[in-house]
Amino acid sequence: MRLDDWFLTAEERGNDATKLEAWSEGNLVRPLVHGASYFAELNACLAGLGKDDLLLFADWRGDPDERLTQDGPEVAAAMAQAAERGAVTRGLIWRSHLDFLRFSSAENRHLGQDIEAAGGQALLDTRVRLGGSHHQKFVVLRHDRDPGRDVAFVGGIDLCHSRRDDGRHLGDPQAAPMPAEFGERPPWHDVQVAISGPAVAEVEKVFCERWEDPAPETRQPLRRLRDRLNRMADVPPLPDPGPPPLPAGRHAVQLLRTYPHLRRAYPFAPRGERSVARAYHKVLGRARSLVYLEDQYLWSTEVIEPFAEALEREPGLCMIIVVPRHPDQDGWLAGPASLIGRSEALSRLMRAGEGRIAIYDLENHLGTPVYVHAKVCVVDDVWASVGSDNVNLRSWTFDSELSCAVIDEEPDPRPPAGARRFARDLRLTLAAEHLDRDPGDVADLCGPEEVFEAFAESAARLEAWHQGGRGGPRPPGRLRPHPKPGLGRIRRALAMPLYRMVVDPDGRPPGLRRSNEF
């Protein structure tokens, strides 16, 4: 198998201004399912940083008081302690243009101030389109004297409240505001990956390109004045990058990004970058047997089209999708409007692959809905992606995003043939949790038809138990059939402008927008 059959070539990325390599080989990528797993490992890595080591992070939201372990340090304290020990500490934290629409601006500013006080530097970055965000979530740790310990964390998990949940899905004790359906401690399903090997240097390049952008972090005079008074407007140069870490495993890694097209262009992406979208189009064009997707939103008929085309092209292709049952904390803004996008997307998929497309949501063993925040896709058990990007036009064109696509050099020996170990193991790990199975009891889920049927049977049993008044023991499993959202014509007409302008805007250059190309 050739890697360029699945990965984008440098030309296909469509951005010759970036310093990124097309992909890197010789990496070790480990999935960290659940925020508790990620935070515990991040805490241990931060504690190991010392003088002249490097800590770089980018985040959509950072809560300085979020604990990394049950009794462990808070996020701000762990990073500040690394800076106090002499680690070069730099952060890029998003700050909304429209503070009154978001709940993260004050928290992000406080996290930056805590790091500044310890000798680090964190910028509050508004260099996005109006109404857009920096949605990337990654951390890079480089070690001056022991580069074998270098690691990068990439995925969908923010350093903030509600993320430190585990496989029981009882929720983070430090909860973020969420709709009442999720309870006082909203259960939260999410995924990050830990990367060792040469790809760590590629993630570092992503940070450096944004850090070295000469445009001011904000154009609003009052904000710039406040940042200067708080010493948050300084942009000290980063140390010269060290050589890439030595090979650590058998995984090829391609970093995929979204950057919007801006009038004041990014120097590293003058026309934006849409490699997330382009990668999905390429791999879905090769899909033959199974597409497994976990996604927070699943909006937009434009974005769902390559999925639908794959179902129409391949009569043997099955598709399993896991989404949250209810809108998130921005429900007043995205609720009715986002249901338009999801309703249209699901209708298109059902028409394309009736009987071969299944959509589920999750609940914990107490019957509380689990908020699915993960952004995971596995195609034919060969190509796997974990990142910050959702399946919507906003993530594919408008916000900044970062995703890690992985192809394993090692074929998986389990039938059916043709799979690669990393992609299949990731899918089976997630399936085992959703079906309440032991991780070692998944051999019968390797085949696409078998796992499709197993999900359907488990969800049907649990749904029948609910419909029957919850009498008797609760069946194993956490899957519920996802209801198709319905909106009346009047409500749809009223919500459509909000959906197009605010919920799922388009950040492509005008020419690509007119031709519906990415």
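The figure for Y360 is an accessible area of roughly 10 square angstrom, using a 1.4 Å probe on the protein chains alone. Once the Cα atoms are used to define both axes, helix 301-313 deviates from the longest principal axis of the chain by about 50 degrees. Taking every DSSP bridge with both residues inside the chain, close to 65 percent are antiparallel. Net length available on complete extension from D438 to E457 is 5.1 nm, with 0.36 nm assigned per residue and the Cα-Cα distance removed. When all alpha carbon pairs of the stretch 242-380 are counted in 10 Å bins from zero, the resulting P(r) reads 10, 32, 32, 19, 6, 0 %.
Extension gain, M1 to T429, is 151.6 nm, computed as 0.36 nm per intervening residue step minus the present C-alpha separation. Accessible surface area normalised per residue over the chain is 38 Å², counting heavy atoms of protein chains with a 1.4 Å rolling probe.
For the stretch 1-50 versus the stretch 403-478, the inter-centroid distance based on Cα atoms is 25 Å.
Under the definition of Cα pairs under 8 Å and six or more residues apart, what whole-number percent is the relative contact order of the chain? Relative contact order, the chain: 17 percent.
Under the combined filter of DSSP loop state and at most 13 neighbouring Cβ atoms within 10 Å, the stretch 344-391 retains these GluC sites (Glu not before Pro): E354. Report the residues of the stretch 178-215 in range of a label on H326: point 7 Å along Cα→C-beta, backbone N strictly under 15 Å from it. Within reach of a label on H326, which here means backbone N under 15 Å from a point 7 Å along Cα→Cβ, the stretch 178-215 contributes 178-189. Over the C-alpha trace of the chain, radius of gyration and Dmax come out as 21.9, 64 angstrom.
Each residue of the stretch 125-136 is assigned a 3J(HN,Hα), and the resulting list reads 10, 10, 7, 9, 5, 4, x, x, 8, 8, 9, 5 Hz, derived from the Karplus form 6.51 cos²θ - 1.76 cosθ + 1.60 (θ = phi - 60°), x at Gly and Pro. The helix-only estimate of mean residue ellipticity at 222 nm for the chain, built from DSSP H runs of length n ≥ 4 each weighted as -39500 (n - 2.57), is -9500 deg cm²/dmol after division by the residue total. Phi angles of the stretch 507-514 translate, via the Karplus equation with coefficients 6.51, -1.76, 1.60 and θ = phi - 60°, into HN-Hα couplings of x, 7, x, x, x, 5, 5, 5 Hz per residue; Gly and Pro are given as x. For the stretch 66-80, backbone phi angles converted through the Karplus equation (6.51, -1.76, 1.60; θ = phi - 60°) give residue-by-residue couplings of 5, 7, 7, 9, 4, 10, x, x, 6, 3, 4, 5, 5, 6, 5 Hz, Gly and Pro being listed as x. Rg over Rh for the stretch 135-213 works out to 1.10, using Cα positions for both radii and the Kirkwood form for Rh.
Using only side-chain charges placed at the Cβ, +1 for Lys and Arg and -1 for Asp and Glu, the dipole size of the chain relative to its Cα centre rounds to 1660 debye. Once the chain from R168 to K484 is taken as fully extended at 0.36 nm per residue, the excess over their C-alpha distance is 111.1 nm. Basic side chains Lys and Arg get +1 at the Cβ, acidic Asp and Glu get -1 at the Cβ, and with that the dipole of the stretch 359-403 about its Cα centre reaches some 120 debye.
Against the main long axis of the alpha-carbon atoms of the chain, helix 105-117 sits at an angle near 40°. For the stretch 257-392, the relative contact order is 31 percent, taking Cα pairs closer than 8 Å that sit 6 or more residues apart in sequence and dividing their mean separation by the residue count.
Helix 199-211 and the longest principal axis of the C-alpha atoms of the chain enclose an angle of approximately 60°.
The values are calculated or read from the model by the stated rules, or taken from the named source; none is laboratory data. In this text, all values refer to a predicted model and were calculated from it rather than measured experimentally. Note that each Cβ is placed from the backbone with ideal geometry, even for glycine, and that neighbours are counted across all protein chains shown. We work out accessible area using only protein heavy atoms, side chains counted, and drop any ligands, DNA or RNA first. Shrake-Rupley method; radii C 1.70, N 1.55, O 1.52, S 1.80 Å.
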